[in-house]
Amino acid sequence: MHVPLHRAPDADRPDSVVFDLDPGAPADLVSCCEVALILHDLFARLHLQSFAKTSGSKGLQLYVPLNNGATYGETKPFSRAVAEALAARRPELVVSNMKKSLRGGKVLLDWSQNDPHKTTVCVYSLRARERPTVSMPVAWSEVRRCLRARDPSLLSFEADAALRRVEKRGDLFAPVLALKQELPRSGWGERGARLETQLMTGSRVTAIRRSA
């Protein structure tokens, strides 16, 4: 099931900012974990909490909940600035342009989902595959573990495992529907200058990669 980021009747007011991390072979889910953790650290420095879920396929999705009446006119430029700043900072790892010819061995940081006409696979949806897997919320500790182990299977969940996991751990995605946060209103600019500065201050991901 694919759903928009807004709720009726407020078709111009998304509840969240979303980033769809889509790996281009030979990049994989492990590569997505690396990018997701860089974003997590960036948003933490901007005083924003973020939440991750698997796409149920080969990628990850990262949500920054807002729930404050923000418009797509605010969230889409912000998400684009984030993607372009990270692609400029880590061109060997990230691409923000959707051209398939640019995506080999990199993670597409798709910011274009932040649009009233776009939809993203809903959390807990089953994907249409030979062995259906579930779009599943995951803790940041699990994302770090997947990166350290370099094992994509650690973040793959079929239906039975997904049900057991929710029974044991509850709904890890619940805060996305309730947590109220404010995007930076100024300072990041058309080219993401503030975001580029934040990225250049370093990230805990560097230490994770060196210890992997």
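Could you identify the single residue in N68, N114 that is touching a Lys or Arg at 6+ places or on another chain (Cβ under 6 Å), in contact (Cβ under 8 Å) with a residue 12 or more places away in the chain, part of a loop (DSSP other than H, G, I, E, B) and buried (at least 23 other Cβ atoms within 10 Å of the Cβ)? Break it down stepwise before answering.
Working: N68 fails: buried (at least 23 other Cβ atoms within 10 Å of the Cβ).
Just a single option satisfies the conditions, and that option is N114.
Got at least one residue in region 44-59 being of a type outside the set (D, E, K, R), under 18 Å from E182 (Cα atoms) and not in a loop (DSSP other than H, G, I, E, B)? Talk me through it step by step, then tell me what you get.
Of the residues in region 44-59, the ones of a type outside the set (D, E, K, R) are 44, 46-52, 54-57, 59.
Imposing the further condition that a residue be under 18 Å from E182 (Cα atoms) reduces the set to 44, 46-51.
Cutting the leftovers down to not in a loop (DSSP other than H, G, I, E, B) gives us 44, 51.
Checking region 44-59: at least one residue is of a type outside the set (D, E, K, R), under 18 Å from E182 (Cα atoms) and not in a loop (DSSP other than H, G, I, E, B).
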Residues of region 36-57 being buried (at least 18 other Cβ atoms within 10 Å of the Cβ), within 21 Å of V3 (Cα to Cα) and not hydrophobic (A, V, I, L, M, F, W, C), which ones? S50, K53, T54, S55, G56
Is it the case, given these coordinates, that K100 is surrounded by fewer than 19 Cβ atoms within 10 Å (Cβ to Cβ), touching a residue at least 40 places away in the same chain (Cβ under 8 Å) and on the phi < 0 side of the Ramachandran plot? yes
Matching residues in region 173-200 (buried (at least 16 other Cβ atoms within 10 Å of the Cβ), modelled with pLDDT of 85 or more and not β-branched (V, I, T)) number 4
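Out of the residues in region 1-22 that are farther than 15 Å from A70 by Cβ and surrounded by fewer than 23 Cβ atoms within 10 Å (Cβ to Cβ), which is nearest to the chain's Cα centre (by Cα)? Full working, then the answer.
We begin by selecting, within region 1-22, every residue farther than 15 Å from A70 by Cβ; these are 1-3, 8-9, 19-22.
Retained after the next criterion (residues that are surrounded by fewer than 23 Cβ atoms within 10 Å (Cβ to Cβ)): 1-3, 8-9, 20, 22.
On the way: M1: 18, H2: 16, V3: 16, A8: 24, P9: 25, D20: 5, D22: 10 Å.
Out of the qualifying residues, it is D20.
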For region 64-96, enumerate the residues that are under 21 Å from S31 (Cβ atoms) and touching a strand residue (DSSP E or B) at 6+ places or on another chain (Cβ under 8 Å). V64, S79, V82, A83, L86, A87, L93, V94, V95, S96
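Would you pick out the residues in region 125-172 that are open to solvent by 80 Å² or more (accessible area, probe 1.4 Å) and not charged (D, E, K, R)? Can you show your working first?
Taking region 125-172 and keeping what is open to solvent by 80 Å² or more (accessible area, probe 1.4 Å), we get 126, 128-131, 145, 148, 150, 160, 163-164, 167-169.
Matches in region 125-172: L126, A128, L163.
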Return the pairs, sorted by first residue and then second, in which the second residue is in a helix (DSSP H, G or I), the first residue lies in region 145-156 and is of a type in the set (S, T, N, Q), the beta carbons are less than 9 Å apart, and the residues are 6+ apart or on different chains. S153/L29; S153/C146; S156/L29
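The values are calculated or read from the model by the stated rules, or taken from the named source; none is laboratory data. Predicted model, so just to flag it, every value in this text is computed and none were measured. Don't worry about glycine lacking a Cβ; one is built from the backbone with ideal geometry, like all the others, and counts go over all protein chains shown. Keep in mind that these areas ignore ligands, DNA and RNA; they rest on the heavy atoms of the full protein, side chains included. Shrake-Rupley method; radii C 1.70, N 1.55, O 1.52, S 1.80 Å.
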